[in-house]
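The structure appears right after this line, and notes come after that.
Throughout, read-outs are computed from the coordinates displayed, never taken from laboratory work. Please read these numbers as outputs of a predicted model, since none were measured by experiment. Heads up, the Cβs are rebuilt from the backbone with ideal geometry, glycines too, and the neighbour counts pull from every protein chain shown.
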Amino acid sequence: MNGSKIILPIIVLSQFCCTSLWFVGNGVMNDLITSYQLTDQALGHLTSAVQFGFILGTLCFAIFTIADRFSPSKVFFVSAILGATFNLGIVWEANTLTSILVFRFLTGFFLAGIYPVGMKIASDHFEKGLGKSLGYLVGALVVGTAFPHLLKDMTDIFPWKSVIIVVSVLATLGGGLMVFLVPDGPFRTSSLKFDSAAFFRVFQNRKFRSAAVGYFGHMWELYAFWAFVPILLKTYASEHPNVALNSSLLSFVIIGIGGIACVLSGYISQAVGVKRTASLSLLLSCFCCIVSPLAFLLESEYLFIAFLIFWGMVVIADSPLFSTLVAQNAPRESKGTALTIVNCIGFSITIISIQLLNGLQSFTNSNSIYMILAVGPILGLVVLSSKCSRV
């Protein structure tokens, strides 16, 4: 068998298995609230705990240039095992909000050795057609992120704690597949020593900075939208009493459909260009943010769901493209560090937008609060369209 032909499918499968750790807390949120007497505000706090853990993890990985100094597949494997272990902590009978937050934080910390390192592995193997390859990879992240919602929809068949256990087993399997079946790529340039300056040096490149700012604008919207999809569905159902929605299954569809969008955007970018495709996706998701209050006025639940599905596609379709632009404009010897630090800053931004929505939701019942998510895409579009951003 030609090993090179199975490399991308294995990376994609491993990424799917491991990134299921990300939103598993959201997938069983109602059960956590009931089992551990948490408040409704726990959704925002637990999501932010994962994000904050990921931020600190990516910061440490970037400062110590872990993905460039050590075999990325081994880094991925160790991170998957530790992430899976801390995820299992959620089933501890004596949990409190504090202990669950700690477990989610630690899970997020080791996701820093999974998501950006997975992109680093892909870029080491696929220098040509990187946008298409990362489209599959980020698509796997999206489906992995949505997967716990699907498992939650099946909890009538088995207990919610089984969702946690299944996800940890999947993460362990994904880490094993990566370390045993994916060798270091032919385009990998190893950095043999600690280089603290690499953390800052990557931003000296103007093209890199422009791609990074576009990614930051995209991230302002993305995870806040994902975190609040169940809330969007719940709000619509409460305002239309005759409507009954399966929140868990619909959340899986709305988030998971973005995986297909990532793959499609990767192929489209080969025909019309990476930057142009990313900009179009960012523009469409910005439009969704702005018109979101009007969506709640739709009398047809099918139109409302269709709107959320469309939003779920365009909100993520640009993610692999921005990662492609970042990777292409980063020094080869510090590509892993560049991808990791951009992820670090991007996910820091997600905490602000998630907590802002969390606060606005407790302050007002207005559905206009989701318009605030348009700020990020607008900033990204301005930078990408400026004459100085020839990425």
- prompt: Efficiency by 1/(1 + (r/R0)^6): what FRET value for Thr85 and Lys161, r their Cβ-Cβ distance, R0 = 22 Å, to the nearest 0.05?
  reply: 0.90
message: Semi-axes of the equivalent ellipsoid for region 1-135, please: Cα gyration tensor eigenvalues, times 5, square-rooted, ordered largest first, whole Å.
response: 31, 15, 12
field: Gain upon complete extension [Asn205, Lys5; 0.36 nm per residue less C-alpha separation]
entry: 68.6 nm
- prompt: If you stretched the chain out fully between Ala94 and Val375, how much longer would it get, using 0.36 nm times the residue separation minus the C-alpha to C-alpha distance?
  reply: 97.1 nm
task: Consider all pairwise Cα distances in region 267-314 and report the whole-number % of them above 18 Å.
output: 40
- line: Checked region 272-391 against the a/c 1.5 cut and the a/b vs b/c comparison, axes a ≥ b ≥ c from its Cα gyration tensor; verdict prolate
message: Per-residue counts of other Cβ atoms within 10 Å, averaged by peptide: what ranking do you get for 178-185, 142-149, 345-352, highest first?
response: 142-149, 345-352, 178-185
message: Loop only by DSSP, 11 or fewer other Cβ within 10 Å of the Cβ. Give me the trypsin sites (Lys or Arg not before Pro) in region 80-159 that pass, ordered by residue number.
response: Lys128
- prompt: Once you put a point 7 Å from the Cα of Lys234 and another 7 Å from the Cα of Ser35, both along the Cβ direction, what distance in nm separates them?
  reply: 1.8
query: For the chain, max minus min Cα coordinate along each principal axis, in Å, sorted largest first?
result: 59, 50, 40
task: Run the quick spin-label model on Val382 and Gln270: label points 7 Å from Cα toward the beta carbon, then report their separation in nm to one decimal.
output: 3.6
field: region 28-81: mean projected area of Cα convex hull, nm²
entry: 4.7
- line: Protection proxy (average C-beta count within 10 Å per residue), highest first, orders 298-304, 322-328 as 322-328, 298-304
field: Convex hull per residue volume in Å³, alpha carbons only, for region 228-283
entry: 91
Packing rank of 209-216, 355-362, 265-272, where each peptide gets the mean count of other beta carbons within 10 Å, highest leading: 209-216, 265-272, 355-362
